[in-house]
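As structure tokens, the structure follows; a few thoughts come after it.
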Amino acid sequence: MDYRRFFEDAIDQLHAEKRYRVFANLERIVGKFPRALWRSAEDTREITVWCSNDYLGMGQHPKVIAAMHDASSRMGSGAGGTRNISGNNHPLVELEAELADLHDKEAGLVFTSGFVSNEASISTIARLLPNCLIFSDELNHASMIEGVKRSGAEKRIFRHNDLAHLEELLKAAGRERAKLIVFESVYSMDGDIAPIDAIADLAEKYNAMTYIDEVHAVGMYGERGGGITDREGLSHRIDIIEGTLAKAFGTLGGYITGPKSVIDAVRSYAPGFIFTTALPPVIAAAATESIRHLKVSQEERRLHQQQAQLTKHVLAQANLPVMPSETHIVPVHVGDPELCKKASDRLLEKHGIYIQPINYPTVPRGTERLRITPTPFHSNELIVELKDALVEVWTALGIPFSTGEATPVEASDRVVTLAVSKAGG
């Protein structure tokens, strides 16, 4: 049997569907975020990254880098093993206390990634609840879906942010059965927000636990950066708040926060925690410093929202098909996987702009897009450069613009100067 052929066929299938993924060879430059070096077969060029999840640029903040350097000089690089074998390195203890405080919870638990924290926590919580029935939003992240699957529990999928459908399913389950509602605060591909307060109401009405994924909101929303639940004063209404250290906090790792009993149970029963080497002390120390800074500093969040809104405005005024978004995420619709890849390639090769194409299965077929994530460090001038590049690419590749009275170039020429001046550029 030619085993290798099965894998070659699988890759050929991705090529045939125009969704084979190619990763650019990039090297971030300290002090020049969002600039990076792109290493291709031909040469090395400096380009601008427009799709980083380091939303606030904290991965290059002097305080965060200094905390990492200090920890490495005192404790070295690695953690030395699982926490079960090597114990808790002290920076992890501090980090978990900081996270519990961030979300006003009794305890926190750190994992090696946001994917692992969702997969391990959801599966473990549902397994420990007798005859648990899970209610999962249809657009939940793959890590949450995997956690639901691995739990072995029965599940019900409710239509995205559809409260009536969720209530219908909860009512059918009855109040006495153990129930877990899992959903996100900010959905990363569309940039919309869950009706958290209303979901909490339903959870109370039908006696269900709640588990929210705040990975695309922590650090960026709320008075202290606790996410949408922080901004809306709802942390106390959600049982488990999950988040990441790898996006707005600029480091690595995932976590959950909640009641001590639940956190301790996950710590004691989840294979994804027990048998995984702990997060290194240098990462934990850097993450703690990032969280502490964003608990008190509003400037990063203010500038972030300003530049995200300006980006949406400038691109929309150029008749580019900006998809509706309530948050900092700026999706631009392409609608075809091959064109999406070509648009990404042309932006990089011709304009020195990196935006990774988003194709199926990350988004439904026919909704392929470029997902743009402005940061406080994307200046007004960079926004104008992005607009000009996208207009050129859309025109060259024949990608449909949004319908409007003005042509793309006319709209952009008329509006950009005013928009930039209003933003202080």
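The values are calculated or read from the model by the stated rules, or taken from the named source; none is laboratory data. Just so you know, these numbers come straight off a predicted model, no measurement behind them. Here Cβ is always computed from backbone atoms with ideal geometry, including for glycine, and neighbour counts include all displayed protein chains. Keep in mind that these areas ignore ligands, DNA and RNA; they rest on the heavy atoms of the full protein, side chains included. Shrake-Rupley method; radii C 1.70, N 1.55, O 1.52, S 1.80 Å.
So how tilted is helix 62-75 from the main axis of the chain? Cα-based, degrees 0 to 90, rounded to 10.
Once rounded, one gets 50 degrees.
Would you kindly state how much longer the chain becomes between Asn53 and Arg35 on full extension, computed as 0.36 nm times their sequence separation minus their alpha carbon distance, in nm to one decimal?
5.1 nm
Which FRET efficiency value, to the nearest 0.05, is calculated for Ala172 and His15 with the Förster distance at 35 angstrom and r the Cβ-Cβ distance?
After rounding, the FRET efficiency stands at 0.20.
For the pair Glu223 and Glu326, what calculated FRET efficiency results from E = 1/(1 + (r/R0)^6), where r is the Cβ-Cβ distance and R0 = 25 Å, to the nearest 0.05?
0.85
Restricting things to alpha carbons, find the Rg to Rh ratio for the range 85-197 using the Kirkwood radius for Rh.
With Rh from the inverse mean 1/r over Cα pairs, Rg/Rh is 1.01.
Starting from the Cα-Cα distance between Tyr3 and Glu299, subtract it from 0.36 nm times their residue separation and give me the gain in nm to one decimal.
Length difference between fully extended and current span is 101.0 nm.
Of the peptides 244-252, 20-28, 271-279, how do they stack up when ordered by the mean number of other Cβ atoms within 10 Å, highest first?
244-252, 271-279, 20-28
So what does the Cα-only Debye profile of the range 333-372 read at q = 0.17, 0.18, 0.31 Å⁻¹, as log10 I(q)/I(0), no solvent term?
-0.37, -0.41, -0.98
Write down the percent of antiparallel bridges among all DSSP beta bridges whose residues are both part of the chain, to the nearest 5.
Among the beta bridges of the chain, antiparallel pairing accounts for roughly 60 percent.
Å³ per residue of the Cα convex hull, for the range 218-297?
92 Å³
What ranking, highest mean first, results for peptides 310-323, 388-401 when packing means the other Cβ atoms within 10 Å averaged over each residue?
Descending packing order for the listed peptides: 310-323, 388-401.
Could you order peptides 6-13, 97-104 by the average number of other Cβ atoms within 10 Å of their residues, highest first?
97-104, 6-13
Which values of log₁₀ I(q)/I(0), to two decimal places, follow from the Debye formula for the range 24-81 at q = 0.26, 0.29 Å⁻¹ with a uniform point scatterer at every Cα?
Once normalised to I(0) and log-transformed, intensities are -1.00, -1.10.
Pick from Thr124, Thr362, Thr210: which is most flexible by mean-square fluctuation in a GNM of the chain where alpha carbon atoms under 10 Å apart are linked?
Thr362
Take Arg301, Arg365, Arg35 and sort them by solvent-accessible surface of the protein heavy atoms, 1.4 Å probe, largest at the top.
Arg365, Arg35, Arg301
Work out how much length Glu338 to Tyr269 would gain on full extension: take 0.36 nm times their residue separation and subtract the Cα-Cα distance, in nm to one decimal.
Extra length from Glu338 to Tyr269 when fully extended: 20.4 nm.
As a test of the formula, what do you get for the chain when each DSSP H run with n ≥ 4 contributes -39,500 (n - 2.57) and the sum is divided by the residue count, at 222 nm and rounded to the nearest 500 deg cm²/dmol?
-14000 deg cm²/dmol
Measuring from label point to label point, each 7 Å out along Cα→Cβ, what is the Asp104 to His165 span in nm?
My value for the distance between the label points is 3.1 nm.
Using the beta-carbon distance between Ser72 and Thr277 and R0 = 22 Å, what value does 1/(1 + (r/R0)^6) give for FRET efficiency, to the nearest 0.05?
Plugging the Cβ-Cβ distance into 1/(1 + (r/R0)^6) gives 0.85.
Helix 90-102 sits at what angle to the longest principal axis of the chain, using alpha carbons and giving 0 to 90 degrees rounded to 10?
80 degrees
Which log10 I(q)/I(0) values does the range 347-409 give at q = 0.24, 0.28 Å⁻¹ under the Debye formula, counting every alpha carbon as one identical point scatterer?
For the range 347-409, the Cα-only Debye profile gives -1.22, -1.29.
Just round it to a whole percent: the fraction of Cα-Cα distances in the range 56-135 exceeding 22 Å.
Tail of the P(r) past 22 Å holds 42 percent of the pairs.
Could you tell me how many degrees, from 0 to 90 and to the nearest 10, lie between the Cα long axis of helix 380-397 and the main elongation axis, the longest principal axis, of the Cα atoms of the chain?
Computed tilt is about 70 degrees.
Can you give the Rg and Dmax of the chain based on its C-alpha atoms, in angstrom?
Rg and Dmax of the chain, Cα atoms, are 22.3, 66 Å.
Determine the distance separating the Cα centre of the range 1-55 from the Cα centre of the range 240-276; give it in Å without decimals.
What the calculation gives is 29 Å, centre to centre.
Can you pull the percent of the chain's accessible area that's carbon plus sulfur, 1.4 Å probe, other chains left in place?
Solvent-exposed carbon and sulfur of the chain make up 53 percent of the total.
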